[in-house]
Amino acid sequence: MKLITVAGPPSSGKTSVILKLVESMQVNVKEIGVVKFDCLTSFDNLRYEEAGIRVETGFSGKLCPDHFFVSNIESAVEWGIKSGFKILITESAGLCNRCSPYIQGILSVCVIDNLSGVNTPRKIGPMLKMADVVVVTKGDIVSQAEREVFAFNIRQVNTSARIFFVNGINGQGAFLLAKHLQDTREVTSLRDMKLRFTTPAAVCSYCTGEIRIGEEYQMGTMKKMEFK
């Protein structure tokens, strides 16, 4: 089974890109599965079901979504293989720019919104820097010059990734993306494989439910600012 991991900031168009990507793939929709990792709630499963795509949704709740992802991705792959899928696509929760749910050797796609600001690529960390493919959405709303500047800033952060402009409404650009992804590596298990980057570190009193403010309540991994 081929595995594709998709990440990106909130509301960047990840689900729309995946749906248009599936339409462009020369694979029976019944042979494609999606695992949606989210935080509190999600309605994307309804869109996948309408398209005839089998989907499983998991909510991290109060846990870090990256930790939730790495704790469940192996089971997700086992579910995909057991279901007989040829392709399994994982969609991460769009959260902080520090997140990076990518695995070494597994195709990683970062979806980023062209309307988010011309300097946004420089503000995103490993989620963009470690991606194999960067998909830019909503590029049809801005000028050609703005698209080129945005792509240039992406190149400043990630010099090796392929950049595709995809329209999540009409699917323009999805065919080229699907063609690029057709040689995705097949996997049978993720056991002993490694993440491309460490997950956000936070093992502190607030992780375990503390809500009071004050140094006497702060324990574990903490980071303090120095005010001059």
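Excluding ILE73 itself, calculate the net charge of residues whose Cβ lies under 14 Å from the Cβ of ILE73, where each Lys or Arg counts +1 and each Asp or Glu counts -1. Don't skip to the answer; put the middle values down first.
Values: positive: LYS36, ARG191, LYS194, ARG196; negative: GLU56, ASP66, GLU74, GLU78, GLU91, ASP192.
Net of charged neighbours comes to -2.
Which ordering of ASP66, ASP44, ASP140, ASP38 is given by a fewest-first count of other beta-carbon atoms within 10 Å? Let's see the in-between values first.
On the way: ASP66 25, ASP44 18, ASP140 15, ASP38 21.
Result, fewest neighbours first: ASP140, ASP44, ASP38, ASP66.
Within straight-line reach of LYS179, meaning a Cα separation under 29 Å, sit the following lysines at least 8 residues removed in sequence or on another chain: LYS2, LYS14, LYS20, LYS30, LYS36, LYS82, LYS86, LYS129, LYS138, LYS194.
Please report SER75, SER189 as a ranked list, fewest other C-beta atoms within 10 angstrom at the top and most at the bottom.
On the way: SER75 13, SER189 10.
Ascending Cβ contact count within 10 Å gives the list SER189, SER75.
Taking the Cα centre of the chain as origin and assigning +1 to Lys and Arg Cβ atoms and -1 to Asp and Glu Cβ atoms, the resulting dipole is close to 440 debye.
The amide H of PHE165, built 1.01 Å from its N in the peptide plane, has VAL136 as neighbours under 5 Å, considering only residues 5 or more places off or on other chains. Ordering of 49-58, 83-92, 141-150 by packing is 83-92, 49-58, 141-150, highest average first (other Cβ atoms within 10 Å, averaged per residue).
Taking the average, over residues, of other Cβ atoms within 10 Å as the packing measure, peptides 19-27, 212-220 rank 19-27, 212-220 from highest down.
Which translational diffusion coefficient, to the nearest whole µm²/s, is obtained for the stretch 76-142 from the Stokes-Einstein equation, given a Kirkwood hydrodynamic radius over C-alpha pairs, 10 °C and 1.306 mPa s? Let's see the in-between values first.
Values: Rh = 13.6 Å.
Result for D is 117 µm²/s.
When the charge dipole of the chain is built from unit charges on Cβ atoms (+1 for Lys and Arg, -1 for Asp and Glu) and taken about the Cα centre, the candidate among PRO65, GLY80, GLN182 whose Cα reaches farthest toward its positive end is GLN182.
The residues CYS99, CYS39, when put in order of fewest to most other Cβ atoms within 10 Å, stand as CYS39, CYS99. Plainly put, the stretch 2-217 has a radius of gyration that is 0.98 times its Kirkwood radius, both from alpha-carbon atoms, as the Rg/Rh ratio.
Every number in this text was worked out from the coordinates using simple rules, so none of it is lab data. Small disclaimer: the values here were computed from a predicted structure and weren't measured. Please note: Cβ atoms are built from the backbone with ideal geometry, for glycine as well, and neighbour counts cover all protein chains shown.
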